[in-house]
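Undergrad: Dumping the structure here so I can ask a few things about it.
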Amino acid sequence: TAQPNAGAALKTGRSKKALEEPAARAPDVDSLGFQAMDRNVPGLSHVILQKLNMKSYEDYKSAMDGRKSGSDFGIRTYFDMFQKMEDTFKFCVECKKLPDALPDPKSLRRCKRCQNVYYCGVACQRANWPLHKKFCKKLKLVALDRLVEWLVFTGDIPFPTETWTKPARDVKGWEDWFSMQEQLEEKLGAIVAGRYMTLLWANSGKPRPEDAELRESIRRLVTDFHSRPLTIGLGLRLFGIDPLTRPLTVHVVGASHVETLNTRLTDYDELTRMFPGHQGVEMVMVGVDVVDGPIMRPPLTTLAPRGRVYLSSYKGLYHNFWESHVETKLAARPDLVVGFHPGFHACPDLLAGWLPTLLLLRDYRLPVLFTVYSEQELKASLQILVELETHVVGYASNPFASLRPEQVYSSPNKAPVYCSSHYIALLGAEAVPGAKELEDDDDDG
């Protein structure tokens with residue numbers, strides 16, 4: 001449950017440290033193929049796309065789908081695809097050298113235990129072991145899930161789900177959710193024995209794990225897939241917004257390829273299983289990095305269709321979308337605004353980009369739910385929101401956080417993070433001290 005006025009305790013320090021630029025590290029993290037997750041911009045970077053000879057996220061999606069495309073990715077086989085993707089993780093985790101900087105680029109050796117991190121030689125591996133051994137087991141899961149995730153693109157994951165047999169308020173977390181899935185073991189077994197799982201391990205260049213490990217990986221990836229709709233459902237419940245009484249509109253603000261790459265029109269249908277008999281929910285993905293696809297269609301000007309979750313999107317900044325669509329009635333005013341990992345804590349540039357949106361959400365008193373990757377990010381984000389005099393209704397661990405561990409790519413030997421591990425609930429601006437007394441005085445006069 002949310003902690004009322006949980007942000008109040010943070011007011012005393014008023015430190016500006018959360019806004020300062022983090023110290024630069026060498027080499028530049030983008031040169032390693034990823035934007036740093038500690039800066040909270042995970043996922044595909046343009047460097048990766050270049051290494052795969054791709055120009056856009058749509059190209060990447062086509063390759064992952066196994067579809068032919070007019071573009072020449074330089075990928076002829078599944079083996080080639082998996083090898084090129086693995087190349088983006090190849091750098092010495094101790095000295096940070098990339099393959100190009102080594103006399104023999106093929107001399108990088110992978111840790112046999114985790115199948116994840118690389119070393120340029122025995123000396124670096126020995127020097128790194130005292131640190132790496134703390135994270136080796138977790139990083140093994142990271143590497144496994146990274147490969148099995150391909151089955152999300154092929155459509156094997158997630159498996160079909162049914163209407164919830166318990167009310168949403170009684171489903172406290174993933175254990176309860178999995179307990180409602182009929183014939184769960186049969187569904188997991190079918191994926192493990194399926195064609196694409198066989199193709200994956202025939203072409204990955206890594207030994208196939210035991211079936212029990214693959215089942216656990218599928219379970220983690222299923223939570224990763226459904227974490228977003230279930231977190232939205234949690235947000236509706238936190239604010240007392242009932243989908244059974246009226247059609248609802250939810251805006252996903254700051255949406256990017258993370259939320260929209262390969263997104264299908266049915267990807268948020270778990271909300272219909274969660275709230276059977278709902279009056280209709282429209283989800284509008286708003287962000288400058290929204291990816292073209294089936295959901296790239298205008299927001300509804302009418303009510304969402306009863307009993308369905310309707311996905312639409314807008315490519316651009318949220319405050320521009322508000323002016324061009326919400327104020328002109330081309331799109332509905334939202335009942336809830338959700339931001340998955342907004343990342344405004346990461347650096348001044350990101351905060352500056354978010355500032356108009358944060359102030360709009362505050363001044364229009366919109367119910368807002370933000371998610372973050374870690375407690376460290378939670379503290380930094382709360383500090384900023386308190387400085388902006390936003391009313392923090394509460395914050396807590398998210399019972400529907402993804403169970404899939406993700407590594408900090410630029411520095412893997414850190415504790416993995418989990419998507420939407422915590423949430424922050426906001427509503428309007430903080431009450432100005434003394435305001436109530438002034439109103440009382442006016443009434444007396």
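The values are calculated or read from the model by the stated rules, or taken from the named source; none is laboratory data. Just so it is clear, the structure is predicted and the values come from calculations on it, not from any experiment. Please note: Cβ atoms are built from the backbone with ideal geometry, for glycine as well, and neighbour counts cover all protein chains shown. When the accessible area is computed, the model is the full protein with side chains, heavy atoms only, and any ligands, DNA or RNA have been set aside. Shrake-Rupley method; radii C 1.70, N 1.55, O 1.52, S 1.80 Å.
Undergrad: Using the heavy atoms of the protein chains and a 1.4 angstrom probe, tell me the accessible area per residue for segment 228-429 in square angstrom.
TA: Numbers: 7070 Å² over 202 residues.
Solvent-accessible surface per residue comes out at 35 Å².
Undergrad: Now, a different point. Calculate the spin-label point distance for C136 paired with V152, positioning each point 7 Å from the Cα along the beta-carbon direction, and give it in nanometres.
TA: Taking the simple label geometry, V152 and C136 are separated by 2.9 nm.
Undergrad: To continue, here is another question. Please list, in order along segment 353-368, the HN-Hα scalar couplings obtained from phi with the Karplus expression 6.51 cos²θ - 1.76 cosθ + 1.60 (θ = phi - 60°), rounded to whole Hz, x for Gly and Pro.
TA: Once θ is set to phi - 60°, the couplings for segment 353-368 become x, 7, 4, x, 5, 4, 5, 4, 4, 5, 6, 8, 6, 8, x, 10 Hz.
Undergrad: For a quick size check, give me the Cα extents of segment 228-429 along its three principal axes, largest first, whole Å.
TA: Each principal axis gives a Cα extent; for segment 228-429 these are 47, 33, 33 Å.
Undergrad: What number comes out for the charge environment of F275, summing +1 per Lys or Arg and -1 per Asp or Glu over other residues with Cβ under 15 Å away? Before the final figure, lay out each step's value.
TA: On the way: positive: K166, R169, R237, R246, R273, R306, R308; negative: E162, D170, D242, D269, E270, E282, D335.
That works out to 0.
Undergrad: Given the Cα-Cα distance of T163 and E375 and 0.36 nm per residue of separation, how much length would full extension add, in nm?
TA: Values: separation 212, 0.36 × 212 = 76.32 nm, distance 3.30 nm.
So the chain would gain 73.0 nm between T163 and E375.
Undergrad: Here's another thing I want to ask about it. Please give the peptides 421-428, 81-88 ranked by average Cβ packing (other Cβ atoms within 10 Å per residue), highest first, as a rough proxy for protection.
TA: On the way: 421-428: 21.1, 81-88: 18.0.
Top to bottom by mean Cβ count within 10 Å: 421-428, 81-88.
Undergrad: Turning to a different aspect of this structure: At most 16 other Cβ atoms within 10 Å and a DSSP loop assignment: could you name the GluC sites (Glu not before Pro) in segment 128-193 that fit?
TA: Values: sites: E149, E162, E175, E182, E185, E186; in loops: E149, E162, E182.
Counting only loop positions with at most 16 other Cβ atoms within 10 Å, the GluC sites (Glu not before Pro) in segment 128-193 are E162, E182.
Undergrad: If packing is taken as the mean number of other Cβ atoms within 10 Å per residue, what is the order of 217-227, 287-297, highest first?
TA: Values: 217-227: 22.3, 287-297: 17.8.
Ranking, from highest mean packing down: 217-227, 287-297.
Undergrad: With contacts defined as alpha carbon pairs under 8 Å and 6 or more residues apart, what's the relative contact order of segment 325-399 in percent? Walk me through the numbers on the way to the answer.
TA: Working: 51 pairs, mean separation 24.5, N = 75.
Computed over segment 325-399, the figure is 33 percent.
Undergrad: Moving to a separate point now. Hey, any idea what % of segment 228-429's accessible area is carbon plus sulfur with a 1.4 Å probe? Write out the running numbers ahead of the final one.
TA: Working: 3850 of 7070 Å².
Within segment 228-429, the accessible surface is 55 percent carbon and sulfur.
Undergrad: For segment 261-362, which GluC sites (Glu not before Pro) are in a loop by DSSP, counting at most 15 other Cβ atoms within 10 Å?
TA: On the way: sites: E270, E282, E323, E327; in loops: E327.
Passing both the DSSP loop test and the Cβ count: E327.
Undergrad: For segment 201-348, rounded, prolate or oblate, judged on the Cα gyration tensor with a ≥ b ≥ c (square roots of eigenvalues), a/c < 1.5 rounded, else prolate if a/b > b/c? Provide the component values of the computation, followed by the final result.
TA: Numbers: a/c = 2.09, a/b = 1.51, b/c = 1.38.
Taking the square roots of the gyration eigenvalues as a ≥ b ≥ c, segment 201-348 is prolate.
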